[in-house]
Amino acid sequence: MDIDDATQPTSPRPTAPRSRTAVLVALGALVVVAVVWAVGAALRTGAPGDAAPDATDVPGGLVVSAHDASGAVLTGDAADDLETVLLHRLGRAGIEHEGVTRTSDGGWAVTLPDGAPPEAVAAAAQVLATPLDGGVARVLAVGRSAADEVAGAVVAGTSPLLTADVLDAFGALDCHGTTGAVRLADGVSAVCDLTSTMTYLLGDVEVPLADVTDVTVRSDAVEIAFDDDGARRLAELTGTVAGLPAPENQVAVVAAGEVLTAPQVQQAIAGGVVWIAGDGELDDVVTSSLRLAAAGARLDVAAIG
């Protein structure tokens, strides 16, 4: 989606590498973030109407249980959202599996190939157990996965948190072998994007997604509404980074262990309502991740003998 010409910044664009990064513009109470999401999600398996298996029906597999902030088992749309995220995680990590199906007790059974070694089961469990929470954090540095064909130099800001050791570890980050946020030092975490291509070095979350009151899917965008505390925090954060040199003028929206978007900020965002517009390829994953984080969803993963 193009942003109206009248809202385009007049200052030159920085040359920092970006992926699905757009210019964040406050339009009264609304902000439009143009995001391009690349292809890459695993296909859903299992025929509709199949009988729900018991956990004991999945030898050598994994069983995932999930609850919202109140402790209730996820059901309905929330259950569908979690299944979308689980399948995305398996596909992103390249983990072979034979399907993700609902169990009779409200969980999810992940069937792994016959004879999967213990280390493969452990790796799959680690991927699936990545926390679902998230928030908005300032960007300290931007790079590309060390495994990417066009991996290049890190573009870093001037934060004193960016020591030589932190930047070296960040530059060596391989998104294809990384699950969730990697804590590199106090107040500094490395997080990959949805496609395992871009890497972001982030400060601590300053606007938690627990402050989100509603995630609404529109025809060509996702609307995120924050409560009063979230709106205040968002205005303070974006007002602080607006106009800084790249990449410190970016904020990242993180959920379920991945950067969903990392737009540039031109001015403080007031009103507490943000729009994210995508091209449809990974929109379901983005929407599901936001909803689960806003609901305070929590995961437990157990291996079946």
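Points worth noting:
- Take the Cβ atoms of Ser219 and Asp77, set R0 to 22 Å, and the FRET efficiency comes out at 0.75.
- For Gly171, net neighbour charge (Lys/Arg +1, Asp/Glu -1) across residues whose Cβ lies under 13 Å away: -3
- Karplus-derived HN-Hα couplings along the stretch 191-196 (A = 6.51, B = -1.76, C = 1.60, θ = phi - 60°), whole Hz, x at Gly and Pro: 9, 8, 8, 4, 9, 6
- Projected-area average for the stretch 157-256 over all orientations - Cα convex hull basis, square nanometres: 7.6 nm²
- At most 15 other Cβ within 10 Å, DSSP loop - GluC sites (Glu not before Pro), the stretch 85-130: Glu96, Glu98
- Listed from fewest to most Cβ neighbours within 10 Å, the set Leu260, Leu282 follows the order Leu282, Leu260.
Every read-out reported here was derived from the displayed coordinates using simple, explicitly stated rules and does not represent laboratory data. Quick caveat: nothing in here was measured; it's all calculated off a predicted structure. Cβ atoms come from the backbone with ideal geometry, glycine included; neighbour counts cover every protein chain shown.
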